[in-house]
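One structure is given below, encoded as structure tokens.
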Amino acid sequence: TCGSKGACVHLPNTATCSDGDACTVGDVCGDGACKAGVEALCSDDNPCTSDDCDTLAGCTHSANTAACSDGDACTAGDVCKGGDCQPGTALACSDGNPCTDDSCDKLNGCVSLPNAVSCSDGNACTTGDACAGAACTAGPQVNCDDGNACTDDSCDKLKGCVHLANAV
């Protein structure tokens, strides 16, 4: 403005301005100079990019190789490539139990459901063993009677039926 004697008067204001740094936003005038505002938020919410700010170009998002999650619970070791999360290796969901059916659910990961297939309880003295409640359940005892009165009949858990000669 012009002063009372015709001289120019320059009063500080609070107008918006640019401090020349693309990494700040909301720059305003203060005390006769442009003051930097707040730091620009450069996050693109992508874990597969490294977010930076260049004072001339502004926000930059360069691809990285960080570990990530592809959202599939059936993969492990997911990693970023080309700015996207790439799936890792498929999970091996076998629990080693023949009495469960094993699979993988994309939301919950490995799932083991009980089945009712035939199995072996490891006892040679039982037959018809079957899975129940995710465990192998013994079937009925084997009949070791060989019908020979001259043998003592028994069952060994490892060997099965045993027929020992007797002196009857």
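A 1.4 Å probe run over the chain, with the rest of the protein chains in place, finds 67 Å² accessible per residue. Taking a straight line from the alpha carbon of Lys35, not one of the lysines sits under 23 Å away once near neighbours fewer than eight places off in the same chain are left out. Note on segment 64-168: semi-axes of the ellipsoid equivalent to its C-alpha gyration tensor, largest first and rounded to whole Å, are 54, 13, 6. Surface composition of the chain: carbon plus sulfur atoms hold 55% of the accessible area, using a 1.4 angstrom probe and ignoring ligands, DNA and RNA. Here segment 75-114 is assigned +1 on the Cβ of each Lys and Arg and -1 on the Cβ of each Asp and Glu. Its dipole about the Cα centre then comes out at about 140 debye. For segment 1-106, the average shadow cast by the Cα convex hull is 10.3 nm², which is a quarter of the hull's surface.
Within the shell of other residues whose beta carbon sits under 12 angstrom from the beta carbon of Thr137, the net charge comes to -2, with Lys and Arg scored +1 and Asp and Glu -1. Listed by chain and number, the aspartates and glutamates placed with their C-alpha closer than 19 angstrom to that of Lys157 are Asp121, Asp129, Asp145, Asp146; residues fewer than eight positions away on the same chain are left out.
The values are calculated or read from the model by the stated rules, or taken from the named source; none is laboratory data. Computed from a prediction, not measured in an experiment: that's the story for all the values here. FYI the Cβ positions are ideal-geometry reconstructions off the backbone, even for glycines, and counts take in every protein chain you see. When the accessible area is computed, the model is the full protein with side chains, heavy atoms only, and any ligands, DNA or RNA have been set aside. Shrake-Rupley method; radii C 1.70, N 1.55, O 1.52, S 1.80 Å.
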